[in-house]
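The values are calculated or read from the model by the stated rules, or taken from the named source; none is laboratory data. In this text the structure is predicted, and so the values were computed from the model without any measurement. All Cβ positions, glycine included, derive from the backbone under ideal geometry; neighbour counts span all protein chains shown. All accessible areas refer to the heavy atoms of the entire protein, side chains included, with ligands and DNA or RNA removed. Shrake-Rupley method; radii C 1.70, N 1.55, O 1.52, S 1.80 Å.
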Amino acid sequence: MVPLNTYLRCFIALDISEPVKRDFRDIIDRLKRHHADIKWVPVDNIHLTLKFLGNTPENILLNIRACLFNVVLSYNPFYIKVYAIGMFPNRKYPKVIWIGVKDSEIVENLYIDIENAMLSLGFKKEQKRFKPHLTIGRVRSQKGIMDLVNELDSYREKDFGNIHVKTIKLMKSELNPQGAKYSCLFEIPLGKNILS
């Protein structure tokens, strides 16, 4: 009997450095004081998603890895500026609280190259325009939201500093009642040094 293929819930992401995560923790702790009905993302789970793959057959993980190796060959390590806090879709009825990425042309190029590489493996292209951001909270109801929104306005120009991006990661997400648990399946260094 042929064994059934197992599936993993996967995404491709950039990691966030520890000093920047510490700043995120301080801000989130401050925002929690408003007691708005928001599900805050655990700071260790905050990342910049480049591609959500969803349910992924375990037997193609090595193919994904090979495709990503080819993509990152033409990228040297780079810096991104983490800047500002905002809301999707708008101030009046926010659904997502995010921290932005400034001067992100290189991230957008990397996203396009990954999209095309994953298309060759049968993954669908994302229809929405890519806007690099880090989700820190998801709004569950409008309870207490206006006080929080007013405070968020004071962080519209908050500079969290730079992150040195040296790798991309294929991540596994396991859903459980306490929330998602993320683990790294593999990490790929940027640039030609991966071949040496």
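Restricting Glu115, Glu126 to those that are closer than 19 Å to His47 by Cβ, touching a helix residue (DSSP H, G or I) at 6+ places or on another chain (Cβ under 8 Å) and of a type in the set (Asp, Glu) reduces the list to Glu126. For segment 16-42, the set of residues classified as over 29 Å from Tyr93 (Cα atoms) and touching a residue at least 40 places away in the same chain (Cβ under 8 Å) consists of Ser17, Pro19, listed by residue number.
Residue by residue, here is whether (1) farther than 28 Å from Ile64 by Cβ; (2) among the charged types (D, E, K, R) holds:
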{"position": "Arg91", "(1), (2)": "yes, yes"}
{"position": "Ile114", "(1), (2)": "no, no"}
{"position": "Leu148", "(1), (2)": "yes, no"}
{"position": "Leu152", "(1), (2)": "yes, no"}
{"position": "Pro189", "(1), (2)": "no, no"}
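Name the residues in segment 43-57 that are under 20 Å from the mean Cα position of the chain (by Cα) and over 21 Å from Thr167 (Cβ atoms), would you? Listed by number, the residues that qualify are Gly54, Asn55. Among all residues of segment 104-121, there is at least one that is of a type in the set (A, V, I, L, M), under 16 Å from the mean Cα position of the chain (by Cα) and open to solvent by 60 Å² or more (accessible area, probe 1.4 Å). Checked against the criterion of being under 30 Å from Asp147 (Cβ atoms) and either without any contact (Cβ under 8 Å) to a residue 12 or more places away in the chain or touching a strand residue (DSSP E or B) at 6+ places or on another chain (Cβ under 6 Å) (or both), segment 55-77 contains not a single residue that satisfies it.
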